[in-house]
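Chemist: First the structure, then my questions, so here it is.
The values are calculated or read from the model by the stated rules, or taken from the named source; none is laboratory data. Only a predicted model underlies this, so the values are computations on that prediction, with no experimental measurement involved. Cβ placement follows ideal geometry from the backbone for every residue including glycine, while neighbour counts extend to all protein chains displayed.
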Amino acid sequence: MDTLPTNVTADLRAGSVQSIKLNQQERQILADYTQLSYVSAKEYLVTEGNGDNCFYLLLSGNMVKEQSGKTITLGMYEQLEVGELIGLLNFFTEEKHLSPILARTDSQVAIVTREIYDSLLSEQPLLWQKLQNIGLQMMRKHRLSIHLDKLFGPFGVMLPFVLADIDNELEWITLPSGQTLFSQGDLADGAYILVAGRLQMTTTLLDGREVVNNAILAGETIGETALLTNQPQSHTVYAVRDSELVKLSNFCFELMLKRNTQAIHNIAQILGKRLSNLPFEKGASKAPVRCISLLPANDSIRLSDFAQQLCKSLAEYGSTRHLSSDIVNTELSAEGIAQCQENEASSLRLVEWLHLQEDNCQFLVYQSDQQWTDWSARCVRQTDQVIVVADANAQADLSSLAPHLSGERQRWSLVLLHNHDTDRPRNTAAWFSSVAPDAIYHVRQQHAADLARLTRILSGNAISLVLGGGGARGFAHLGVIKAMEELNIPIDMVCGSSMGAPIAGIIAQGANADEVIRRAKKAYHKIIDFTFPLVSLIAGKRISQTIKEQTQGWDIEDYWLPFFCVSTNLTTALPVVHYRGDSWLAIRSSVSIPGVLPPVPHQGDLLVDGGVLNNLPVDIMREINPFGVVIAVDVAPPLGLKAKSDYGTELSGWGLLTQRFFPWLKAPSVPSIGSTIMQAMVAGSALKRQQIIDQQQADLYLNIHVKGVGMLQFEAQAKATQIGYEASRERLKSYFETASAKTTIKQEG
């Protein structure tokens, strides 16, 4: 029996979409391995719904593929030429035939069974590889045809002919996870269709910060804006997971738009949706996570149990599928198929099956193997969110996973599982020695509320709370927290600026509303210790001691709830976001009102109150929680200080002091230095605040006017708390009673 010479290779050009076919020699060799069958004219080789475990090689005659009854009426068929491989795609995917194959004349075919195909791997490896390439191309074209029809169609029965017309103008691109498709500023040389996978858009702002924008999902175009406008690319686009794209040349893209006026409407819809999610510095508008992979950090983790619990919890928000290597092997009735590599025959079948699972489910949870395997690698490449699950009581060592988590733009989170009676997490930072996660989540086992919180975060249904600054008016936050607890509204993540920071910190420690109110009342009742105003009006000893007592040595990464606070770097004139490290230092920096409290020295810089640049950090929270509910509580006064008397342009402090000692001298009404400084600080971030309102970055914006409470009137805690409660309860209730918000809250029971 003939064998292909070693210098003959499958003629698959890199990136080509043109049809690959067997040459005469290859057809003859394949036919020698098979049994032949004759099909008479007007007989069907396969019928719709047929599921033979084989494929066919057309050796002679004339066959056509019928797409629908309409094609017969119109006399339109997809002609199959001699040498065509019939049913190869169905052979690899094990799906039933969607289109009948009719013999127009007496025809002869070679039948290739699975046993014959498997034997080719050892006996005719080059022929086997070429069949693999043809099968891969068929899969690609099948997925591409679906997307082309939605984007530029509908083409109906003309779809195969449209695809054939543009073969020469298409180029396939395989983009591994983390790799960049194009960068901001690159010149446009075509448009792209994402056939499989997921891409992410980012924008670099003038100040150098990179803002995460839209995700591009399968079936969407990218790069078309630069092509249509003849401008450089306005975004950087990279692969979140392994992705396949088709690049359309300029000519091809314009041709497809001209073929069907509906195509212009379809592309305009994508662009409109994308542009509407790109307001100035609005933060992330990514697509929700759909595919989650779980990796075990240590042998003591029973990953299957955790995966099943997570799937059950995720199912409350949408159809969920749990995939492990054992489950995949069983579902496909093929032992070891989950471990197949990309160049193996079974890989085509596995990849297509995984795509089908994603199409049919809202969430896919990939469970990695206990030891690193090919399936584990696929879990990381195939998913949007990588979660490393660790036993919090085990040795903090991620060195074995570090090489798999250090890829370009690789994002991953750490879930630490604690005993159910754990009072507080400790030494979380020890897990960061070899590789640092993007997020940390603490979950007590057999603690339904913790798992429910993690589920809301992963599914895009988290409820986050943003507490703004305002001095003693910040005690109104306590009333909001009380109202939320009464209404069974959970808090999944929390942040604060200025006075909002210490209150947010208590919440993040896991305290309930009563405990937060009790601790705040005890801690911040008497914190004013005036000093000679050489550096600041207040010495800061009392408030520093109070914050130390409240933070109790917690690091931010040890908090039960995700937490951050903001301060302002006076040295660089930039905002500072505190995600990690000593919570005492972070919160103390966030409340350092310039001129009222001493600045905090940190690594050679000076840190002051976060309210100077960002008194209500909704934009930062929106980056972290792009799809869930963001509740912003703004206690800054709606109007600034007013002149109660015309005291001119000059004032003597000694004169005012004398006049206050002798009331009959009628001292003018003047603003205090403390209130002036604090109001000036709030005014400094007024533009940021207005952007938050105008761009509707918060889902629920609670602007609470704490009337009658001064910014330094810390003894008025009870009054401010009651104002916050009364001003927020009905608005919270109304918001979460709406149809759109109801799905957000799933009570833990």
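Chemist: How many residues, within the range 26-40, are touching a residue at least 40 places away in the same chain (Cβ under 8 Å) and among the acidic types (Asp, Glu)? Let's see the steps before the verdict.
Modeler: Of all residues in the range 26-40, those touching a residue at least 40 places away in the same chain (Cβ under 8 Å) come to 26-27, 29-31, 33-40.
Still in the list and also among the acidic types (Asp, Glu): 26.
Total meeting the criteria: 1.
Chemist: One residue is enough: does the range 403-419 have a residue meeting the conditions at pLDDT 95 or above, over 26 Å from the mean Cα position of the chain (by Cα) and either part of a loop (DSSP other than H, G, I, E, B) or buried (at least 21 other Cβ atoms within 10 Å of the Cβ) (or both)? Step through it out loud before you land on a result.
Modeler: Filtering the range 403-419 down to residues at pLDDT 95 or above leaves 413-419.
From what's left, over 26 Å from the mean Cα position of the chain (by Cα): 419.
Within this subset, residues satisfying the condition of being either part of a loop (DSSP other than H, G, I, E, B) or buried (at least 21 other Cβ atoms within 10 Å of the Cβ) (or both) are 419.
So far as the range 403-419 goes, yes, one or more of its residues are at pLDDT 95 or above, over 26 Å from the mean Cα position of the chain (by Cα) and either part of a loop (DSSP other than H, G, I, E, B) or buried (at least 21 other Cβ atoms within 10 Å of the Cβ) (or both).
Chemist: May I pose another question? Just checking, how many residues over the range 479-508 are touching a residue at least 60 places away in the same chain (Cβ under 8 Å) and surrounded by 24 or more Cβ atoms within 10 Å (Cβ to Cβ)? Talk me through it step by step, then tell me what you get.
Modeler: Looking only at the range 479-508, we keep the residues that are touching a residue at least 60 places away in the same chain (Cβ under 8 Å), and these are 479-480, 482-484, 486-502, 504-505.
In the following step, the residues that additionally are surrounded by 24 or more Cβ atoms within 10 Å (Cβ to Cβ) were identified as 479-480, 493-502, 504-505.
Residues that pass the stated criteria total 14.
Chemist: Can you name the condition, by its number, that residue 178 falls short on among (1) touching a Phe, Trp or Tyr at 6+ places or on another chain (Cβ under 7 Å); (2) small (Gly, Ala, Ser); (3) part of a helix (DSSP H, G or I)?
Modeler: (3)
Chemist: Could you list, in sequence order, the residues of the range 478-504 that are in a helix (DSSP H, G or I), under 29 Å from the mean Cα position of the chain (by Cα) and over 19 Å from residue 737 (Cα atoms)?
Modeler: Scanning the range 478-504 gives 500, 501, 502, 503, 504.
Chemist: Got a sec? Which of 159, 170, 163, 181 is more than 15 Å from residue 219 (Cα to Cα), over 28 Å from the mean Cα position of the chain (by Cα) and modelled with pLDDT of 80 or more?
Modeler: After ruling out the rest, the residue left standing is 170.
Chemist: Which numbered condition in (1) in contact with a helix residue (DSSP H, G or I) (Cβ under 7 Å, 6 or more places away or on another chain); (2) assigned to a helix (DSSP H, G or I); (3) at pLDDT below 90 is the only one that residue 375 fails?
Modeler: The one condition residue 375 does not meet is (3).
Chemist: Could you go through the range 202-213 and let me know if any residue there is in a helix (DSSP H, G or I) and either out of contact with any Gly (no Cβ under 7 Å at 6 or more places or on another chain) or under 22 Å from residue 136 (Cα atoms) (or both).
Modeler: Pass one, the range 202-213, residues in a helix (DSSP H, G or I): none.
Checking the range 202-213: not a single residue is in a helix (DSSP H, G or I) and either out of contact with any Gly (no Cβ under 7 Å at 6 or more places or on another chain) or under 22 Å from residue 136 (Cα atoms) (or both).
Chemist: Give me a count of the residues in the range 328-349 that are free of Cβ contacts under 8 Å to residues at least 60 places away in the same chain, surrounded by 15 or more Cβ atoms within 10 Å (Cβ to Cβ) and assigned to a helix (DSSP H, G or I).
Modeler: Count: 7.
Chemist: While we're on this one: For the range 446-476, name all the residues that are farther than 30 Å from residue 365 by Cα, part of a helix (DSSP H, G or I) and of a type in the set (A, V, I, L, M, F, W, C).
Modeler: 472, 475, 476, listed by residue number.
Chemist: Ok, one more. Would you say residue 195 is part of a strand (DSSP E or B) and surrounded by fewer than 19 Cβ atoms within 10 Å (Cβ to Cβ)?
Modeler: Answer is no for this residue.
Chemist: Restricting attention to the range 424-460, which residues are more than 23 Å from residue 506 (Cβ to Cβ) and touching a His at 6+ places or on another chain (Cβ under 6 Å)?
Modeler: 445, 446
Chemist: Filter the range 79-122 down to the residues that are part of a helix (DSSP H, G or I) and free of Cβ contacts under 8 Å to residues at least 24 places away in the same chain and list them by number.
Modeler: Taking the range 79-122 first, the residues part of a helix (DSSP H, G or I) are 88-93, 114-122.
The answer is 115, 122.
Chemist: Inspect all residues belonging to the range 310-319 and state whether any of them is over 24 Å from residue 289 (Cβ atoms), among the hydroxyl-bearing types (Ser, Thr, Tyr) and assigned to a helix (DSSP H, G or I).
Modeler: No, there is no match, as no residue in the range 310-319 is over 24 Å from residue 289 (Cβ atoms), among the hydroxyl-bearing types (Ser, Thr, Tyr) and assigned to a helix (DSSP H, G or I).
Chemist: Okay, moving on. What number of residues within the range 308-324 satisfy the criterion of being surrounded by fewer than 22 Cβ atoms within 10 Å (Cβ to Cβ) and either in contact with a strand residue (DSSP E or B) (Cβ under 7 Å, 6 or more places away or on another chain) or free of Cβ contacts under 8 Å to residues at least 60 places away in the same chain (or both)? So that I can check it myself, show each step before the final result.
Modeler: Narrowing the range 308-324 to residues surrounded by fewer than 22 Cβ atoms within 10 Å (Cβ to Cβ): 308-309, 311-313, 315-322, 324.
With the extra rule that they be either in contact with a strand residue (DSSP E or B) (Cβ under 7 Å, 6 or more places away or on another chain) or free of Cβ contacts under 8 Å to residues at least 60 places away in the same chain (or both), the set shrinks to 308, 311-312, 315, 318-322, 324.
Looking only at that region, the number is 10.
Chemist: Separate question: Kindly state which helices (runs of 4 or more DSSP H) lie completely within the range 222-286 and contain at least 3 residues that are in contact with a helix residue (DSSP H, G or I) (Cβ under 9 Å, 6 or more places away or on another chain), surrounded by fewer than 19 Cβ atoms within 10 Å (Cβ to Cβ) and at pLDDT 70 or above. Step through it out loud before you land on a result.
Modeler: Details: elements: 224-229, 250-259, 261-276.
Per the criteria, 250-259.
Chemist: So for the range 326-342 (the condition being over 20 Å from the mean Cα position of the chain (by Cα) and closer than 30 Å to residue 420 by Cβ), does at least one residue qualify?
Modeler: Going through the range 326-342, the residues over 20 Å from the mean Cα position of the chain (by Cα) turn out to be 326-342.
Of the ones still in play, those that are also closer than 30 Å to residue 420 by Cβ are 326-327.
Yes - at least one qualifying residue is present in the range 326-342.
Chemist: Same structure, new question: Under 6 Å between Cβ atoms, at least 6 apart or on separate chains: pull out the pairs that start in the range 221-236 with a residue that is closer than 13 Å to residue 249 by Cα and end on any residue that is of a type in the set (Asp, Glu) and assigned to a strand (DSSP E or B).
Modeler: Cβ pairs passing all conditions: none.
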